[in-house]
Ligand SMILES: [Zn+2]
């Protein structure tokens, strides 16, 4: 898709209220017919409208200049806050406004709320409503929580500012029944649990916001914190890099190499490369170098990344396939001073070089032996079997092993604690979808392993394939939401078709991918079905799958 897709300014508003059990937030469910995020739960929000600027005479607490300063803009900042208020009125029926006496509108007002539909369809501009009813929009009641720009490649891209405000007590939300089909007050913890269990779908930015809200018990604590600590500016400026031929190019935020190039070249000198070249050492952190094996392909992207940690004596993570040239490059870079070799898992593109490298250097092998399966490298026999939480000292700092089954039952990620750098193997890949192939691949375990990473302090992810990734938690949220949205399609297909064979379900569940890859897709489908069985939501009879009634 065109990377130059116009980025539209947008705003969303998380309305919170206090209950005896803590804070709750208003969420709306988008219609299943929506082009963008169908069926997802979102905060009220939408694109900034040119007419929003007409509300400037009816503001309280901020003018455009102070609102722009808060958002880090030269001008136009008030438009985001006005759009947040307008969209909240249109989509949720709640109008955050002061009456002529300067009081918040505290109940659904017959004369004002009656005009909601007219505001929604654009017949009545919000500025007109303010003028006729002598309303003011209290912009200072909105606290600026976070900032998100849709990565390139999406059909629609938004530059979205997330705000939070106390819901005006007395007003009752009403979804519009067209764009939004349900509204619900949920505690952030409940919403996050619903996400984990696949009961409700949320996009990454919504999850990120929910996670911030979950830190607070009351609206006043949340607002005090948010007003005091405006979010870090979201990286929005293009960054210079070298393309394949060495010419200078500008990378847009969200481009595959963008996070890597920004980390490796913080001064924007244009020295970092926006491509991965086989056998070329790339320093990605102090004492950490990436060397990519010459096994590029459909399943391996630009090739398997081998990581070399150290300066005098070395630790190797994922030596890769037993390719003589790749082995030579590893020996050349390390001078053969390799103390230990760690593997994330034993698929044939990750571990087969371990044995030959051990034979030439005397290094110890660490990891977990794989199950007896054709897709596994049976030659890998560790000198030390690692477990979840095992610590491994290296010349570049301490690594902690994290057992992350899902892609493979013996999969380990390694966290370089001081750098907050996660070597993610095939648990998280950049640029391609992780294969979950039963029986060793396990979708339920995979999602739980993703979820568990959210408890760790991770700044960057160094994957087994592809570039470094930043925004680790957003990446993880995206991956789990993507899987849960697919799971929803599986459930819908089973509902529509009744008991079905795998081959009959695949074209329905994967109607958005080319039929040429339906073979691989059917393995993922099997993994989803296995998860639904583990969750008690489906069962298998012979080669037919069906939903468990009431689940
Ligand atoms: Zn693998």
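Bear in mind these aren't lab numbers, they're just calculated from the coordinates by the rules spelled out. Keep in mind the model is a prediction, meaning the values are calculated, not measured. As a convention, Cβ positions derive from the backbone with ideal geometry for all residues, glycine included, and neighbour counts pool all protein chains shown.
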Of all DSSP beta bridges in the chain, antiparallel share, percent nearest 5: 70
Just to confirm the number: angle between the C-alpha axis of helix 472-497 and the first principal axis of the chain, 0 to 90 degrees, nearest 10? 80
Counted neighbours (other Cβ, 10 Å), sorted fewest up, put 41, 414, 510 in the order 510, 41, 414
Cα principal axis extents for the stretch 208-248, largest first, Å: 55, 18, 8
Cα centroids of the stretch 500-551 and the stretch 270-338: how far apart, whole angstrom? 38
Spin-label model distance (nm) - residue 65 vs residue 518, 7 Å beyond Cα toward Cβ: 6.4
How much length is gained on full extension from residue 123 to residue 324, taking 0.36 nm per residue of separation minus their Cα-Cα distance? 65.3 nm
Classify the stretch 1-75 as rounded, prolate or oblate from the Cα gyration tensor: take a ≥ b ≥ c as the square roots of its eigenvalues, call it rounded if a/c is under 1.5, otherwise prolate when a/b beats b/c and oblate if not. oblate
Nearest-0.05 FRET efficiency for residue 539 and residue 114, computed from C-beta distance (R0 41 Å): 0.20
So what's the Cα pair-distance distribution over the stretch 213-317, bin width 5 Å, in %? 2, 11, 14, 16, 14, 12, 9, 8, 7, 6, 2, 0
Let me check the size of the stretch 481-547 from its C-alpha atoms; what are the radius of gyration and Dmax in Å? 10.8, 32
Take the Cα pairs of the stretch 32-159, get the Kirkwood Rh, then feed it into Stokes-Einstein at 20 °C and 1.002 mPa s and tell me D in µm²/s. 138
By count of other Cβ within 10 Å, fewest leading, how are 269, 424, 480 ordered? 269, 480, 424
Whole-number D in µm²/s for the stretch 64-110 (Stokes-Einstein; Kirkwood sum over Cα pairs; 25 °C, 0.890 mPa s): 206
Just from its helices, what would the mean residue ellipticity at 222 nm be for the chain, if runs of 4 or more DSSP H residues each count -39500 (n - 2.57) and the sum is divided by every residue, rounded to the nearest 500 deg cm²/dmol? -8500 deg cm²/dmol
What's the angle, to the nearest 10 degrees (0 to 90), between helix 77-92's Cα axis and the longest principal axis of the chain? 80
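Over its Cα atoms, what ratio of radius of gyration to 2.2 N^0.38 Å does the stretch 323-387 give? Don't skip to the answer; put the middle values down first.
Working: Rg = 11.6 Å, N = 65, 2.2 N^0.38 = 10.7 Å.
This ratio for the stretch 323-387 stands at 1.08.
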According to a simple spin-label model (label point 7 Å from Cα along Cα-to-Cβ), what is the distance in nm between residue 140 and residue 248? 4.6
Grab the alpha carbons of the chain, take their convex hull, and tell me the volume per residue in Å³. 166
May I ask for the distance between the Cα centers of the stretch 1-56 and the stretch 157-219, given as a whole number of Å? 10
Hull volume in cubic angstrom per residue (convex hull over the Cα atoms of the stretch 7-228): 121
Of the peptides 380-391, 86-97, how do they stack up when ordered by the mean number of other Cβ atoms within 10 Å, highest first? 86-97, 380-391
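Residue 388 to residue 31: extension gain in nm, 0.36 nm per residue of separation minus the Cα-Cα distance?
Extra length available between residue 388 and residue 31 comes to 124.4 nm.
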Take the Cα gyration tensor of the stretch 275-470, multiply each eigenvalue by 5, square-root it, and list the three semi-axes largest first, rounded to whole angstrom. 22, 18, 17
As I understand it, the value is the acute angle between the Cα axis of helix 324-334 and the longest principal axis of the Cα atoms of the chain; what does it come to in degrees, rounded to 10? 80
Ranked list, fewest to most other Cβ atoms within 10 Å of each Cβ, for 247, 432: 247, 432
Using 0.36 nm per residue of separation minus the Cα-Cα distance, give me the extension gain between residue 379 and residue 189 in nm, one decimal. 63.9 nm
